[in-house]
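Accompanying notes for the structure given below.
The values are calculated or read from the model by the stated rules, or taken from the named source; none is laboratory data. Quick caveat, the model's predicted, so the values are computed rather than measured. As a convention, Cβ positions derive from the backbone with ideal geometry for all residues, glycine included, and neighbour counts pool all protein chains shown. To get the accessible areas, we keep the full protein, side chains included, count just its heavy atoms, and leave off ligands, DNA and RNA. Shrake-Rupley method; radii C 1.70, N 1.55, O 1.52, S 1.80 Å.
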Amino acid sequence: MALLKIFVGTMYGGSLDVAEQVQPLFEQAGYTVEVLDQPTLTDLTETRPDLALFVTSTTGSGDVPGNLTGFLNTLSTESPALDWLRYGMIALGDSSYGETYCGAGRHLDERLADLGATRHGERLEIDAMETFMADDAALPWVEAWIPTLPATA
Ligand SMILES: Cc1cc2nc3c(=O)[nH]c(=O)nc-3n(C[C@H](O)[C@H](O)[C@H](O)COP(=O)(O)O)c2cc1C
């Protein structure tokens with residue numbers, strides 16, 4: 001079975017909740033799913049997933065949540081070639097923060113692209129100003145996303 005790893009960046013649990021809510025949709029589609037709420041770079045590079053999904057909120061002024069900073073820092077210092085990686089990106093944010101809206105997801109997306117990874121589909125940005133429960137936006141997005149994935153499952 002194809003392996004999906006979901007890398008979570010969260011301060012208050014919203015992104016982790018999204019990851020746990022979408023997990024069964026992937027399992028029904030035939031994926032083995034691991035949700036990583038303390039992810040390290042080796043989770044990505046040692047047992048390579050067939051597909052990765054990043055679900056991260058933004059904190060501070062466009063910053064990555066604390067549980068994902070180690071991952072991002074190691075990504076920057078080690079700069080591994082990620083040309084094999086296909087991934088999706090769900091960014092949680094709040095448009096009242098203006099220019100730093102969804103900054104963590106956008107920044108991570110840029111870093112992954114710099115290292116050769118390929119995002120599958122568009123990044124989903126979930127605005128807390130418009131969507132009270134992030135799951136309400138994430139679940140239909142994932143339902144629509146799964147059938148567009150290459151048949152690796
Ligand atoms: C202290 C603080 C700083 C935040 N900074 C930003 C920001 O710079 N940009 C943004 O888009 N959202 C920002 N947010 C909004 C969060 O990203 C948003 O509420 C998200 O849904 C939280 O998800 P989580 O529970 O997974 O951490 C901030 C929220 C807090 C409480």
Could you look at segment 21-153 and say what percent of its accessible area is carbon and sulfur, using a 1.4 Å probe and all protein chains? 47 percent
Show me the ranking of peptides 40-48, 1-9 by mean Cβ neighbours inside 10 Å, starting with the highest. 1-9, 40-48
When the chain is modelled as a GNM with alpha-carbon springs shorter than 10 Å, which of Glu78, Glu110, Glu34 fluctuates the most? Glu78
Just to be sure I understand the model, the point goes 7 Å from the Cα along the line to the Cβ. What's the resulting Phe132 to Arg119 distance in nm? 2.9 nm
The chain: Kirkwood hydrodynamic radius (Cα pairs, Å) comes out at 15.3 Å
Does anything in segment 110-132 have its amide N under 15 Å from the 7 Å Cα→Cβ label point of Ser79, and if so which residues? 111-117
Please give the per residue accessible area of the chain, computed with a probe of 1.4 Å over protein heavy atoms only, in Å². 48 Å²
Glu34 paired with Leu139, simple spin-label distance in nm, labels 7 Å along Cα-to-beta-carbon: 2.8 nm
